[in-house]
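K.L.:
Submitted below is the structure of interest, expressed as structure tokens.
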Amino acid sequence: CVVSVRESVGKNFRSKSNIRFNSRRDEEKPRTKRFENDRIMAKIIVNAKDTIMGRTGTFVAKELIKGNEVAVINSDAVVISGEKKLTIAKYMRLRKMGAGGSLKGPKFPRVADRFLKRVLRGMLPSRERATGRDALKRLRCYVKGGPFTEEEAKSAVTFKHRVPRKYITIKQLMEALN
């Protein structure tokens, strides 16, 4: 915007009425998109079998924020560290909060892949921001190998974590909650 002020002398000068705003479209900078068209987005496949949920989630969230498409396979075999009874009690309590016809929630899915997607949603920026919405759209979770061939599944990113002594898998948690 270009601001022009008409100079006047004496009692006729009013600062607000003499300021004129001109919008010139040719002088404005062109808007650029967040991701350029020439940038190639990578497709990343993550094998989540026997991996700790938090560590896998942080890797996946960072890749989503970078703009990559991420597919998580074997999402039912993800490990939640901690004592089984305490973990089951925690999610049972959260599920009962949203039970009884509550329209507002919290709502926890009963399927392993959707449960993991909801956990990963919490690691992304807020859903009201475009980065978080777009990142969640680029995430896919599959219970088994998904639509990928064996060669693609073998080339998937794997993590070498030490499995904790006390843990529960998402599959065991879903069976206990249902």
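K.L.:
Give me the pairs, please: first residue somewhere in the stretch 92-116 and over 21 Å from Thr58 (Cα atoms), second residue anywhere and basic (Lys, Arg) and loosely packed, with under 13 Cβ neighbours inside 10 Å, beta-carbon distance under 9 Å, and either six or more positions apart or on two chains.
P.N.:
Qualifying pairs under 9 Å: Arg95/Arg110; Gly98/Lys104.
K.L.:
Still on this structure, please answer the following. Can you say whether Ala135 is within 23 Å of the chain's Cα centre (by Cα) and either among the charged types (D, E, K, R) or within 26 Å of Asn47 (Cβ to Cβ) (or both), as far as the supplied structure shows? Working first, answer last.
P.N.:
Details: within 23 Å of the chain's Cα centre (by Cα): yes; either among the charged types (D, E, K, R) or within 26 Å of Asn47 (Cβ to Cβ) (or both): yes.
It is true that Ala135 is within 23 Å of the chain's Cα centre (by Cα) and either among the charged types (D, E, K, R) or within 26 Å of Asn47 (Cβ to Cβ) (or both).
K.L.:
Would you point out the residue of the stretch 40-71, among those that are over 24 Å from Arg127 (Cβ atoms) and either in a loop (DSSP other than H, G, I, E, B) or among the basic types (Lys, Arg) (or both), that is modelled with the lowest pLDDT? Working first, answer last.
P.N.:
Of the stretch 40-71, the ones over 24 Å from Arg127 (Cβ atoms) are 40, 45, 47, 49-52.
When the remaining residues are screened for being either in a loop (DSSP other than H, G, I, E, B) or among the basic types (Lys, Arg) (or both), the result is 40, 49-51.
Details: Ile40: 58, Lys49: 92, Asp50: 91, Thr51: 93.
Of everything passing the filter in the stretch 40-71, Ile40 is modelled with the lowest pLDDT.
K.L.:
In this structure, does Leu120 turn out to be more than 28 Å from Tyr167 (Cα to Cα) and not charged (D, E, K, R)?
P.N.:
On the way: more than 28 Å from Tyr167 (Cα to Cα): no; not charged (D, E, K, R): yes.
In short, no.
K.L.:
Quick check on the stretch 142-178: of everything there that is part of a helix (DSSP H, G or I) and of a type in the set (A, V, I, L, M, F, W, C), which residue is farthest from Gly82 (Cα to Cα)?
P.N.:
Ala153
K.L.:
In a loop (DSSP other than H, G, I, E, B) and open to solvent by 80 Å² or more (accessible area, probe 1.4 Å): does that describe Gly100? Can you show your working first?
P.N.:
Values: in a loop (DSSP other than H, G, I, E, B): yes; open to solvent by 80 Å² or more (accessible area, probe 1.4 Å): yes.
Criteria met by Gly100.
K.L.:
Would you check which residues across the stretch 57-88 are open to solvent by less than 10 Å² (accessible area, probe 1.4 Å) and not hydrophobic (A, V, I, L, M, F, W, C) and list them?
P.N.:
Of everything in the stretch 57-88, those that are open to solvent by less than 10 Å² (accessible area, probe 1.4 Å) and not hydrophobic (A, V, I, L, M, F, W, C) turn out to be Gly57, Gly67, Ser75.
K.L.:
Looking at the stretch 124-141, which of the residues that are assigned to a helix (DSSP H, G or I) and not polar (S, T, N, Q) is most open to solvent (accessible area, probe 1.4 Å)? Outline the logic, then answer.
P.N.:
Residues of the stretch 124-141 assigned to a helix (DSSP H, G or I): 130-137.
Then drop every residue that is not not polar (S, T, N, Q), which leaves 130, 132-137.
Details: Ala130: 52, Gly132: 4, Arg133: 109, Asp134: 67, Ala135: 0, Leu136: 39, Lys137: 136 Å².
Result: Lys137.
K.L.:
Taking the stretch 159-176 only, how many residues are under 25 Å from the mean Cα position of the chain (by Cα) and either among the basic types (Lys, Arg) or surrounded by 15 or more Cβ atoms within 10 Å (Cβ to Cβ) (or both)?
P.N.:
9
K.L.:
One residue is enough: does the stretch 146-158 have a residue meeting the conditions open to solvent by less than 100 Å² (accessible area, probe 1.4 Å), of a type in the set (A, V, I, L, M, F, W, C) and over 19 Å from Gly57 (Cα atoms)? Explain how you work it out, then say what you get.
P.N.:
Start the filter on the stretch 146-158 by keeping residues that are open to solvent by less than 100 Å² (accessible area, probe 1.4 Å), which leaves 146-149, 152-153, 155-158.
Next, from what is left, pick out any that are of a type in the set (A, V, I, L, M, F, W, C): 148, 153, 156-157.
Now drop any that are not over 19 Å from Gly57 (Cα atoms), which leaves 148.
Within the stretch 146-158, one or more residues are open to solvent by less than 100 Å² (accessible area, probe 1.4 Å), of a type in the set (A, V, I, L, M, F, W, C) and over 19 Å from Gly57 (Cα atoms).
The values are calculated or read from the model by the stated rules, or taken from the named source; none is laboratory data. Not measured: the values here are computed from a predicted model. Cβ sites come from the backbone with ideal geometry, for glycine too, and all protein chains shown count toward neighbours. Side chains are part of the model used for accessible areas, which takes the heavy atoms of the whole protein and leaves out ligands, DNA and RNA. Shrake-Rupley method; radii C 1.70, N 1.55, O 1.52, S 1.80 Å.
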